[in-house]
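Chemist: Just dropping this structure here.
The values are calculated or read from the model by the stated rules, or taken from the named source; none is laboratory data. Because the structure is predicted, anything quoted here is derived from the model rather than measured. Positions of Cβ are generated from backbone atoms using ideal geometry, with glycine treated the same way; all protein chains shown enter the neighbour counts.
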Amino acid sequence: MELSKNYTPAAAEGKWYQHWMDKGYFRSKPDNRPPFTVVIPPPNVTGVLHMGHTLNETVQDILVRRARMSGYNACWVPGSDHASIATEAKVVNMLKTEKGIEKSQLTREEFLKHAFEWKEKYGGIIYSQIKKLGCSCDWDRVTFTMDDHYYEAVIKVFVDLYNKGKIYRGARMINWDPKAKTALSDEEVLYKDLQGKLYHVQYALEDGDGNLTGESITIATQRPETIMGDTAICVNPDDERYKHLIGHFAIVPLVNRRVPIIFDTYVDKEFGTGALKVTPAHDINDYNLGLKHNLEVVDTLNDDGTLSAAAGVFVGEDRFKARKLVVAALAEQGLLVKEQEYTTRLGYSERNPDTVVEPRISTQWFVKMAELAKPALDAVVNGDVKIHPGDRFLATYKYWMENVKDWCISRQLWWGQRIPSYYAPDGTFEVATSLDKAVAQFKARGVDLKAEDLRQDDDCLDTWFSSWLWPMEVFNGVSNPGNEEINYYYPTNVLVTGQDIIFFWVARMIMAGMEYKNEKPFGDVYFTGMVRDKLGRKMSKQLGNSPDLLELIDRFGADAVRFGIMIASPAGNDLLFDDSSCEQGRNFNNKIWNALKLVKMWEGRVAEGASSSEEAHFAVNWFENRLNEVKAQVIDLFKDFKLSEALNLICNHLIWNDFCSWYLEWVKPGFEQPIDAAIYKKTVYFFEELMHLAHPFLPFVTEEIYQLLATREAGDDLVIKQYAAPSAVDANILAQGELAKEVITSIRDARAKNQIKPKDPIALHIDTAQQKAFKQIEDMLIKQVNAKAINYVNAPVSGCIALVIQKDKFYLETENELDPAAQKEALLKDLAYNQGFLASVDKKLSNEKFVQNAKPEAVELERKKKADAEAKIAAITESLKSL
């Protein structure tokens, strides 16, 4: 067949993905092989994949494909998350804009019907994108966090933890999202440092008998709109300015509420005026002061962030508009002393990034975290769960787990697992897995109620309360404990996720695994970095700097996109991504496609017993050793999860440089000459092995080339071809190959600098102590640098171009007239470089900390660099003398 000019991804991708699916290569069932299990971090059903997902899914696919080709029973479970807050907000907005329906007009059941329709639409889009990227998921195992069995598991865990005393219900100060009208956990609040204002406000004072004293006290507040909720003024008992106010009261401006002056060391005498307004309903620290001093709680905000009737003034106004109105009213009454610029820290909703979170007292459900956190902390600290890169995230994980707070798990939403708490008319409740069981539990304690007498809690559970069961429940491990699949696939092998959800999800999965399986959920956690644009900004829809994945695949091909996002993504580090990295991937694919065309062109020129040069035999020997060297290095890189380094080593160094640029050039037959059959067969074998190595990274182009290289039997597909252990390597052969590359490159550069045309032959004289090594590559050198002959000498050869390569001296004899001054300039430049290099090595070796703390092999490498530089300097100096 005639091959296209360049590789055409569209022709290969759909064909091969469907072939792999038809063959069932991605399906997994328990068998006698060791499992390699990965569960996908379930993307939210709120839209399409972004570049962070692209990186995450690509890393997982690389690991899974490599495992499948290494003898493991690879099982990659796909799925999606119902994402309570984000999805409900999307559905509410869709109903309002597209259908003119408000959520309040619907019953819970009607709303959920619309939400499931949304999930079907966008869940399908996400899965199609994952397939387009080439991800080898077991599509028979797709799981959704609101599937029936999953719903059952979440409710089962809630009831179990409640019965164990690890879940409780109570009124606490929580984080409130006024836009979503729901509680948030502490981890769902994102803090930003902003420039705000500090408002200094006067409060009139009364004595203990209710008489105005004529004095006032000034407080400084960032939130004047909460003044109407003040129930005390607090000062430090050691503050001499205010000791005379014991037993006095203050009058709250605008609402004229009489509140006590209280004394507590919590107040910083030096901050602001040293006097603090106490608003227990709207600040966690004020709330704690209120509990301590038995203060009244006045909640002046509605759940949507508008002022409530309790505020007394500006009722129904948005909190930020109310701030301006309050400030204006205070100024009009002469109570506003001054405004001061002030740097403050505000919390924003993680799911509604434009919404400032309000602290609010609310009755919610909480998980006691301290007891659950201990085994999860130990699992990571003792290395049972390994974090990559551990040096960056271990300390952060440890700090959070040692200072963990109780988790608010109730959400004032309909989309999610409904809290299984059933209330009697008198407000008492039972927690049960079903309404019938709740009725039975009431009767068991002597309360005779019917099902219709009970009301289920309207709230649903935090999304993370379902997703923390993910590694277990994708195998029905909670809903059907002890089944064959959970026993075989759990614990999973690797979790690949973003560093931003280390506490939301990773830590909680470990907690759930230790609680319900007494076993870690995964052995390794690989943290990907944040994908940023070339200006360093986080990619987001708001900024419009996140490219569309399908559009990138249409332009460059899936393999090129995978190459582009992986080549610059060391574990845990943020990466700067733009189209040029995909361009680099496309260029690589075209490079190996052109190599395929060259090898296929030789196919018609294969001859048994054809003469083959020593050069070709050396090239085969060298590349076989180089291939085995890289195979061993790749094994080590995968063990350390250094996937970007592995991709660079395989594709850029081994394939592009060693195979395409050197090996194929060395074995290439002369014009219209035959190629030895053994050499050709070995070349095809090498090409196949290279595609085998690169396949996890670039599945489509490697499968296409592998199939085109030779006639294949049915089932001989690269996707399931098993890796063999690498053979031992001959270090001498490898060194010879590197020597040959360096000599050829240096001589070609010297020819070009001295304007010697490639067709003009030269005589090459070598002054070396390793003549035996050069004898083995003589034929190669003669051909590659167009030399008439190679002579070995022990003294400088006059009238030649002088070079120093490694420790050896080379003299290029040509019929061209040479410029001694130019040669001298080149040698002096080379000398200066090597002297500078030697100085840097000497500086490193003179550093006692480096010599004492570095690995012995690192120190030895620096000493070798020093010896090589000194030898080269000596050789250059000698060559300069000869000039």
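Chemist: Has the range 269-282 got at least one residue that is in contact with a helix residue (DSSP H, G or I) (Cβ under 8 Å, 6 or more places away or on another chain) and basic (Lys, Arg)?
Modeler: Taking every residue of the range 269-282 in turn, at least one turns out to be in contact with a helix residue (DSSP H, G or I) (Cβ under 8 Å, 6 or more places away or on another chain) and basic (Lys, Arg).
Chemist: Determine which single condition ARG418 fails, assuming it passes every other condition in (1) in the same structural domain as PRO280 (by TED's automatic domain parsing); (2) charged (D, E, K, R); (3) in contact (Cβ under 8 Å) with a residue 40 or more places away in the chain.
Modeler: Every listed condition holds for ARG418 apart from (1).
Chemist: Say we look at the range 251-280 and pick out the residues that are aromatic (Phe, Trp, Tyr) and assigned to a loop (DSSP other than H, G, I, E, B); which of these is nearest to TYR199 (Cα to Cα)?
Modeler: Taking the candidates together, the pick is PHE271.
Chemist: Name the pairs: first residue in the range 489-506 and among the aliphatic types (A, V, I, L, M), second residue buried (at least 19 other Cβ atoms within 10 Å of the Cβ) and part of a helix (DSSP H, G or I), Cβ to Cβ under 7 Å, at least 6 apart or on different chains?
Modeler: VAL494/LEU63; LEU495/VAL506; VAL496/ASN56; VAL496/VAL59; VAL496/GLN60; ILE502/TYR397
Chemist: Using the structure shown, decide if LEU112 is among the aliphatic types (A, V, I, L, M), more than 30 Å from ARG455 (Cα to Cα) and in contact (Cβ under 8 Å) with a residue 12 or more places away in the chain. Please lay out each step first, then the result.
Modeler: On the way: among the aliphatic types (A, V, I, L, M): yes; more than 30 Å from ARG455 (Cα to Cα): no; in contact (Cβ under 8 Å) with a residue 12 or more places away in the chain: yes.
No.
Chemist: Here's another thing I want to ask about it. For residues that are loosely packed, with under 15 Cβ neighbours inside 10 Å and under 43 Å from the mean Cα position of the chain (by Cα), tally how many sit in the range 400-434. Give the derivation first.
Modeler: Going residue by residue through the range 400-434, those that are loosely packed, with under 15 Cβ neighbours inside 10 Å are 402-403, 405, 425-428, 433-434.
Now restrict to residues that are under 43 Å from the mean Cα position of the chain (by Cα): 402-403, 405, 433-434.
Residues meeting the conditions: 5.
Chemist: Identify all residues within the range 538-559 that are part of a loop (DSSP other than H, G, I, E, B) and modelled with pLDDT of 80 or more; write none if there are none. Reasoning before the result, please.
Modeler: Let us first name the residues in the range 538-559 that are part of a loop (DSSP other than H, G, I, E, B), namely 539-548, 557.
Answer for the range 538-559, where residues must be part of a loop (DSSP other than H, G, I, E, B) and modelled with pLDDT of 80 or more: PRO547, ASP548, GLY557.
Chemist: Kindly indicate which of TYR397, TYR348 is surrounded by 15 or more Cβ atoms within 10 Å (Cβ to Cβ), more than 26 Å from ALA180 (Cα to Cα), under 28 Å from the mean Cα position of the chain (by Cα) and not small (Gly, Ala, Ser). Spell out how you get there, then give the answer.
Modeler: Numbers: TYR348 fails: more than 26 Å from ALA180 (Cα to Cα).
Going through TYR397, TYR348 in turn, just one is surrounded by 15 or more Cβ atoms within 10 Å (Cβ to Cβ), more than 26 Å from ALA180 (Cα to Cα), under 28 Å from the mean Cα position of the chain (by Cα) and not small (Gly, Ala, Ser): TYR397.
Chemist: For the range 208-231, give me the residue count where each residue is on the phi > 0 side of the Ramachandran plot and either in contact (Cβ under 8 Å) with a residue 60 or more places away in the chain or of a type in the set (D, E, K, R) (or both).
Modeler: Taking the range 208-231 first, the residues on the phi > 0 side of the Ramachandran plot are 210, 214.
Of the ones still in play, those that are also either in contact (Cβ under 8 Å) with a residue 60 or more places away in the chain or of a type in the set (D, E, K, R) (or both) are none.
Of the residues in the range 208-231, 0 are on the phi > 0 side of the Ramachandran plot and either in contact (Cβ under 8 Å) with a residue 60 or more places away in the chain or of a type in the set (D, E, K, R) (or both).
Chemist: Report, by residue number, each residue of the range 743-770 that is assigned to a loop (DSSP other than H, G, I, E, B) and of a type outside the set (Val, Ile, Thr).
Modeler: Keep residues of the range 743-770 that are assigned to a loop (DSSP other than H, G, I, E, B), which gives 754-761, 768-770.
Within the range 743-770, ASN754, GLN755, LYS757, PRO758, LYS759, ASP760, PRO761, ALA769, GLN770 qualify.
Chemist: Looking only at the range 143-179, count every residue that is under 15 Å from SER362 (Cα atoms) and hydrophobic (A, V, I, L, M, F, W, C) and tell me the total. Can you show your working first?
Modeler: From the range 143-179, those under 15 Å from SER362 (Cα atoms) are 168-178; that's our starting set.
The next check asks that each one be hydrophobic (A, V, I, L, M, F, W, C); those that pass are 171, 173-174, 176.
Residues meeting the conditions: 4.
Chemist: Looking for whichever is surrounded by 13 or more Cβ atoms within 10 Å (Cβ to Cβ), at pLDDT 80 or above and assigned by TED's automatic domain parsing to the domain that holds LYS809 here; the options are LEU845, LEU827. Which one fits? Show your work before the answer.
Modeler: Details: LEU827 fails: at pLDDT 80 or above.
Only one candidate passes the filter, namely LEU845.
Chemist: Scan the range 457-486 for residues that are of a type in the set (D, E, K, R) and buried (at least 24 other Cβ atoms within 10 Å of the Cβ) and jot them down.
Modeler: ASP462, GLU473
Chemist: Please go through the range 618-651 and give me each residue that is closer than 15 Å to LYS682 by Cβ and either without any contact (Cβ under 8 Å) to a residue 40 or more places away in the chain or among the basic types (Lys, Arg) (or both), ordered by number. Full working, then the answer.
Modeler: At the first step, the residues of the range 618-651 found to be closer than 15 Å to LYS682 by Cβ are 618-628.
Once the filter is applied, which keeps residues that are closer than 15 Å to LYS682 by Cβ and either without any contact (Cβ under 8 Å) to a residue 40 or more places away in the chain or among the basic types (Lys, Arg) (or both), the range 618-651 yields only ARG626.
Chemist: Quick one: how many residues across the range 237-279 are over 15 Å from GLN222 (Cα atoms) and in contact (Cβ under 8 Å) with a residue 24 or more places away in the chain? Spell out the reasoning first.
Modeler: First, pick out the residues of the range 237-279 that are over 15 Å from GLN222 (Cα atoms): 237-270.
After this cut, where a residue has to be in contact (Cβ under 8 Å) with a residue 24 or more places away in the chain as well, the list is 237-239, 241-242, 245, 247-255, 257-269.
Number of matching residues: 28.
Chemist: Quick test of your reading of the structure: VAL45 fulfils all but one of (1) among the aliphatic types (A, V, I, L, M); (2) in the same structural domain as ILE486 (by TED's automatic domain parsing); (3) surrounded by fewer than 23 Cβ atoms within 10 Å (Cβ to Cβ). Name the failing condition by number.
Modeler: (3)
Chemist: Still on this structure, please answer the following. How many residues does the range 372-394 contain that are surrounded by 13 or more Cβ atoms within 10 Å (Cβ to Cβ) and either touching a residue at least 60 places away in the same chain (Cβ under 8 Å) or over 18 Å from GLU519 (Cβ atoms) (or both)?
Modeler: Going through the range 372-394 one residue at a time, the tally reaches 16.
Chemist: With the condition kept exactly as written, say whether any residue in the range 502-516 is under 16 Å from MET51 (Cα atoms), outside the structural domain of GLU703 (by TED's automatic domain parsing), part of a helix (DSSP H, G or I) and modelled with pLDDT under 95.
Modeler: Going residue by residue through the range 502-516, those that are under 16 Å from MET51 (Cα atoms) are none.
No, the conditions are met nowhere in the range 502-516.
Chemist: Oh, and also: Kindly provide the set of residues from the range 98-130 that are out of contact with any strand residue (DSSP E or B) (no Cβ under 8 Å at 6 or more places or on another chain), part of a helix (DSSP H, G or I) and under 25 Å from LEU184 (Cβ atoms), ordered by number.
Modeler: Listed by number, the residues that qualify are LYS103, SER104, ARG108, PHE111, LEU112, HIS114, ALA115, PHE116, TRP118, TYR122.
Chemist: Can I ask one more? Can you tell me which of (1) at positive phi; (2) buried (at least 16 other Cβ atoms within 10 Å of the Cβ); (3) of a type outside the set (A, V, I, L, M, F, W, C) is the one GLY165 doesn't meet?
Modeler: Only one criterion in (1) at positive phi; (2) buried (at least 16 other Cβ atoms within 10 Å of the Cβ); (3) of a type outside the set (A, V, I, L, M, F, W, C) is unmet by GLY165, namely (2).
Chemist: Same structure again: Among the numbered conditions (1) hydrophobic (A, V, I, L, M, F, W, C); (2) assigned by TED's automatic domain parsing to the domain that holds ILE705; (3) buried (at least 19 other Cβ atoms within 10 Å of the Cβ), tell me where VAL606 comes up short.
Modeler: Going through the list (1) hydrophobic (A, V, I, L, M, F, W, C); (2) assigned by TED's automatic domain parsing to the domain that holds ILE705; (3) buried (at least 19 other Cβ atoms within 10 Å of the Cβ), VAL606 breaks only (3).
Chemist: So, one more: For the range 157-207, give me each residue that is touching an Asp or Glu at 6+ places or on another chain (Cβ under 7 Å) and either assigned to a strand (DSSP E or B) or free of Cβ contacts under 8 Å to residues at least 12 places away in the same chain (or both).
Modeler: Residues satisfying the conditions are ASN175, TRP176, LEU184, VAL189, LEU190, GLN195, LYS197, TYR199, LEU205.
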